[in-house]
Structure formats: C-alpha cells, structure tokens
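Trainee: Let me begin by handing over the structure; questions about it come next.
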Amino acid sequence: MKKDDFIIKEFLDDAFDLKSHLMEFLSIEQCDLDGFLENAKMDLANLHPGGSLSEAEDFYKEIVGDKHLADLAAWHISSKDYIADTLKLQQRFC
C-alpha cells in the first residue's frame, strides 16, 4: 500500500481521530460532542446578525467562538468519503 493510500484509509477510518481531539479541546464528553456536531451548522447559521454588527471581529470572537470549529469538524466527519475521493483524484494528477 502506498503512503498516500494509507493516509486516506486512516482518514476514512476515523477522520484522523478528530472526535477525540475535539473532546479534549472542548473539554466535553462523547455524548455531548455528538449533539454539538449534529447541531453545529444550524447553531452557527442562527447566530449570524446580518449587517447589524459594527465589528465583524467581535462577532467571531465573542459570539461564534467554538461553534465555527464544530461546524467545520462536523463537515469533515460527515464528508470523509468526499474528501478521500478528492485526495485520490489529486494523486492521479500529481
């Protein structure tokens, strides 16, 4: 098995153990993480104030916080096949 194939297989198996890294970073349990990730996209979308916030930096630091991380992590975990296919396609052209 080529090195790249091993990396893709490891990613498909557990997304590089992303869930355990998130549990440690966020200091939450598995059962709480699953709900956090499941609701991440809608939670993040519901936070956006439109154009009414004077400082975008404040919005992301004070309001969004870890919710963007959860949304991104949830996408990576639920899109493992898509990401792996993209990596395989990239291998063919490099």
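The values are calculated or read from the model by the stated rules, or taken from the named source; none is laboratory data. Computed from a predicted structure; not experimentally measured. Glycine also receives a Cβ, built like all others from the backbone with ideal geometry; neighbour counts cover every protein chain displayed.
Trainee: Are any residues in region 1-34 among the small types (Gly, Ala, Ser) and at pLDDT 80 or above, and if so, which ones?
Mentor: Within region 1-34, SER20, SER27 meet the criteria.
Trainee: What are the pairs with Cβ atoms under 7 angstrom where one residue, in region 1-28, is on the phi > 0 side of the Ramachandran plot and the other, located anywhere, is modelled with pLDDT of 80 or more and outside any helix (DSSP H, G or I)? Sequence gap at least six, or different chains.
Mentor: Within 7 Å, no pair qualifies.
Trainee: Might you let me know whether region 35-58 holds any residue that is polar (S, T, N, Q), at pLDDT 85 or above and surrounded by 14 or more Cβ atoms within 10 Å (Cβ to Cβ)?
Mentor: Checked region 35-58: at least one residue is polar (S, T, N, Q), at pLDDT 85 or above and surrounded by 14 or more Cβ atoms within 10 Å (Cβ to Cβ).
Trainee: While we're looking at this one, here's another question. Anything in region 5-37 that is closer than 14 Å to LYS67 by Cα and not in a loop (DSSP other than H, G, I, E, B)? List them, or say none.
Mentor: The answer is LEU22, MET23, PHE25, LEU26, ASP32, LEU33, ASP34, GLY35, PHE36, LEU37.
Trainee: When residues of region 73-88 are filtered for being surrounded by 13 or more Cβ atoms within 10 Å (Cβ to Cβ) and within 18 Å of LYS41 (Cβ to Cβ), how many remain?
Mentor: Result for region 73-88: 9.
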